[in-house]
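S.K.: Provided herewith is a single structure, encoded as structure tokens, for subsequent inquiry.
The values are calculated or read from the model by the stated rules, or taken from the named source; none is laboratory data. In this text, all values refer to a predicted model and were calculated from it rather than measured experimentally. Reconstructed Cβ throughout: ideal geometry from the backbone, glycine too, with neighbour counts over all protein chains shown.
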Amino acid sequence: METNRIDKKARAKKKVEELKGFYIHLTVYVLVNTFLTVNIIIENMGDGETFSGAFWNMGTFFIWGAWGIGLAFHAAKVFSFNPFFNKEWEKRQIQKFMEEDQNDAESYRSMHSDYGK
């Protein structure tokens, strides 16, 4: 009973650490990309572009999108959104590998039991 409670506490603590890591990642993402975007806009306006032209420049949003893909994968992992590799998939794979190991062990035993005959 005590072990079960300890396991639950460890899982909860791990989940909190994952959430904390994601929120730190999100904060850094917003702050760094805002800083870079402002600098890109200022630089483009210094080169003679209008604010609108500088803002809608493809380079302004490229880093948001590229880094955003990584952030989306991080969010999917932390919030358990994975339509392909979910808990059921994991259970099936574990069961499959356990059965393969069992079959290999039985095959090995039957092979070596024939040598004694």
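S.K.: Write out, first by first residue and then by second, each pair whose Cβ atoms fall under 7 Å of each other, whose residues are 6+ apart or on separate chains, and whose first residue, in region 22-39, is in a helix (DSSP H, G or I) while the second is among the hydroxyl-bearing types (Ser, Thr, Tyr).
M.R.: Partner pairs satisfying both residue conditions: 37/60.
S.K.: Output the number of residues of region 30-89 satisfying the condition of being over 16 Å from the mean Cα position of the chain (by Cα) and outside the structural domain of residue 20 (by TED's automatic domain parsing). Explain how you work it out, then say what you get.
M.R.: To start, the set of residues in region 30-89 that are over 16 Å from the mean Cα position of the chain (by Cα) comprises 30-65, 88-89.
Still in the running and outside the structural domain of residue 20 (by TED's automatic domain parsing): 88-89.
Selection size over region 30-89: 2.
S.K.: Taking residue 111, is it in a helix (DSSP H, G or I), of a type in the set (A, V, I, L, M, F, W, C) and surrounded by fewer than 10 Cβ atoms within 10 Å (Cβ to Cβ)?
M.R.: When the stated conditions are applied, residue 111 passes them.
S.K.: The conditions are (1) more than 30 Å from residue 15 (Cα to Cα); (2) part of a loop (DSSP other than H, G, I, E, B), and residue 43 fails exactly one of them. Which is it?
M.R.: Residue 43 satisfies all of (1) more than 30 Å from residue 15 (Cα to Cα); (2) part of a loop (DSSP other than H, G, I, E, B) except (2).
S.K.: Can we say residue 3 is more than 19 Å from the chain's Cα centre (by Cα), modelled with pLDDT under 90 and exposed (fewer than 12 other Cβ atoms within 10 Å of the Cβ)?
M.R.: Numbers: more than 19 Å from the chain's Cα centre (by Cα): yes; modelled with pLDDT under 90: yes; exposed (fewer than 12 other Cβ atoms within 10 Å of the Cβ): yes.
Considered against the rule, which asks whether it is more than 19 Å from the chain's Cα centre (by Cα), modelled with pLDDT under 90 and exposed (fewer than 12 other Cβ atoms within 10 Å of the Cβ), residue 3 comes out as yes.
S.K.: Of the conditions (1) surrounded by 12 or more Cβ atoms within 10 Å (Cβ to Cβ); (2) out of contact with any Ser or Thr (no Cβ under 9 Å at 6 or more places or on another chain); (3) part of a helix (DSSP H, G or I), residue 49 fails just one. Which one is it?
M.R.: Failed condition: (3).
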